[in-house]
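The values are calculated or read from the model by the stated rules, or taken from the named source; none is laboratory data. On a predicted model such as this, the values are computed, not experimentally measured, just so you know. Reconstructed Cβ throughout: ideal geometry from the backbone, glycine too, with neighbour counts over all protein chains shown. Just so you know, the surface numbers come from the protein's heavy atoms only, side chains and all, with ligands and any DNA or RNA stripped out. Shrake-Rupley method; radii C 1.70, N 1.55, O 1.52, S 1.80 Å.
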Amino acid sequence: MDERGGTILVTGGCGFIGTHLCHALVNAGQRVRVLDDLSTGRAGGIPEAAELIVGDVADPVAVGEAMAGVDGIVHLAAIASVARCNDDWVASHRTNLTGTLTIMAAARAAAPVPLPVVWASSAAIYGAARALPIGERTAPAPLSPYGADKLGGELHGAAAADLFGIANTALRFFNVYGPGQDPHSPYSGVISIFADRLSRGEGIRIDGDGGQTRDFVYVGDVVRALDTALDRLMRRRRLRREAAFDAVNVCTGRPVTIAVLAETLRALTGSRGSIAYGAPRPGDIRDSVGDASRMHRLLGLRAETRLEDGLRALIEARPAKVA
Ligand code: NAD
Ligand code: UD1
């Protein structure tokens, strides 16, 4: 990031992951512009030094304005909830796939070499994996419109590299957690819900037997992956290297059961909130753990944050604790 200079466009920069990324970029002396429609993001979360354009990532005019004079793009804007995409199929398709294409088309228009794009894909493209850990060569089989649109973005991304010379890297995030994730939406992730309720001394409910596993990756590690991937593409662009598409898991490689997660959070918050068990969530995926070796090979990174440390950071960042 140090010698990079220039301006980075972050779409979805007002969201959970985007806000962390914008702070990291600004702290490193980078100029940052954000394009966000504020549908789930908060304008107040980004650093004052970041320029905000409120607009839609699927609107070519807004994207053209946001793209003027930038040197690299991190594209995070999306309807990020699987359940919300199910409820709002066509509108989420417009944001999640047309939005990605609109960004790539504008990147293509940059002269003389298309701009590099690092963007958020998802472990949701894999669906219910048959073999664990899930490597990037696993045949994608998304089970939701959300996963289908992320996969569609990757197919376009591969074609865009070959045909139009747009260097782009799709980072397949597994379950991201950390401070600033909204615990109150019906679409909130399990860690934000459990941490919020237990910190307030309230009980939590495990859907199913609690033996289902997830690969929880700390937002700070996700930010490092985004930053490193962009750095890599910008350096390759300066060296006039051939444009390529890459897809990379962003994960720890360590499975955690929901039951262990619940107990760990209960211990860390010192909460007396109860842990109840309910019916499994319809269509829930039993196991999800990624193979992190490609992230290490391509980006030289490992998701180092231990779960307890990440959870502690999340709990400490909460405004008040009433365990
Ligand atoms: P988020 O909802 O907090 O952030 C998304 C941001 O995009 C918000 O600020 C929102 O206002 C903005 N946005 C939505 N629609 C837009 C539009 N049409 N035009 C402009 N801006 C728009 O979600 P997040 O967790 O920060 O996710 C960031 C990215 O990472 C998304 O692409 C998501 O699909 C992906 N991802 C997240 C996870 C996770 O566990 N959080 C896992 C896999 C992939
Ligand atoms: C998550 C993401 C999704 C992403 C996918 C990648 C969220 C909200 N969803 O889905 O966007 O594409 O990973 O594979 O981040 N659970 C409970 N009790 C609760 C809440 C949840 O037991 O109160 C359980 C769920 O049933 C599930 C597990 O916790 O088994 C994880 O749920 P959740 O955090 O919603 O994430 P995913 O379903 O993995």
> Summing Lys, Arg as +1 and Asp, Glu as -1, what charge do residues with Cβ under 12 Å from the Cβ of Gly211 carry, Gly211 excluded?
Replying inline: -2
> Could you state the number of Å between the C-alpha centres of the stretch 49-119 and the stretch 129-173?
Replying inline: 17
> Do any trypsin sites (Lys or Arg not before Pro) in the stretch 1-50 lie in a loop, going by DSSP, with at most 15 other beta-carbon atoms within 10 Å of their beta carbon, and if so which?
Replying inline: Arg42
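At most 13 other Cβ atoms within 10 Å and a DSSP loop assignment: could you name the trypsin sites (Lys or Arg not before Pro) in the stretch 203-268 that fit?
Values: sites: Arg205, Arg214, Arg224, Arg232, Arg235, Arg236, Arg237, Arg238, Arg240, Arg241, Arg266; in loops: Arg240, Arg241.
Filter output for the stretch 203-268: Arg240, Arg241.
To two decimal places, what compactness ratio does the chain give when its Cα radius of gyration is scaled by 2.2 N^0.38 Å?
Values: Rg = 19.1 Å, N = 323, 2.2 N^0.38 = 19.8 Å.
Compactness ratio reported: 0.97.
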> How large, in percent, is the carbon and sulfur part of the accessible surface of the chain at a probe radius of 1.4 Å?
Replying inline: 52
> Under a 1.4 Å probe, what is the accessible area of the chain per residue, stated in Å²?
Replying inline: 45
> Which distance in nm do the two modelled labels at Arg254 and Glu65 give, with both placed 7 Å along the Cα-to-Cβ direction?
Replying inline: 4.5
>> Could you give the length gained by full extension between Leu101 and Arg240, i.e. 0.36 nm per residue of separation minus their alpha carbon distance, to one decimal place?
In response: 47.7 nm
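Report the net charge of residues surrounding Ala91, where surrounding means a beta-carbon distance below 14 angstrom and charges are Lys +1, Arg +1, Asp -1, Glu -1. Display every interim value, and only then the final one.
Numbers: positive: Arg84, Arg94; negative: Asp37, Asp56, Asp59, Asp87, Asp88, Asp149.
That sum, taken over residues with Cβ under 14 Å, equals -4.
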>> Quick query: amide H of Val217 versus all other amide H atoms, modeled in the peptide plane; which residues come in under 5 Å with a sequence gap of 5 or more or a different chain?
In response: Asn175, Val176, Tyr177
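I need the trypsin sites (Lys or Arg not before Pro) found in the stretch 91-178, filtered to DSSP loop residues with at most 13 other beta carbons within 10 Å of theirs. Please list the in-between numbers first.
On the way: sites: Arg94, Arg108, Arg130, Arg137, Lys150, Arg172; in loops: Arg130, Arg137.
Sites meeting the loop and neighbour criteria: Arg130, Arg137.
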>> Quick test of the membrane-span-like rule: which DSSP H helices of the chain reach at least 24 Å along their long axis (C-alpha atoms) with mean Kyte hydropathy at least -0.5?
In response: 145-164, 219-238
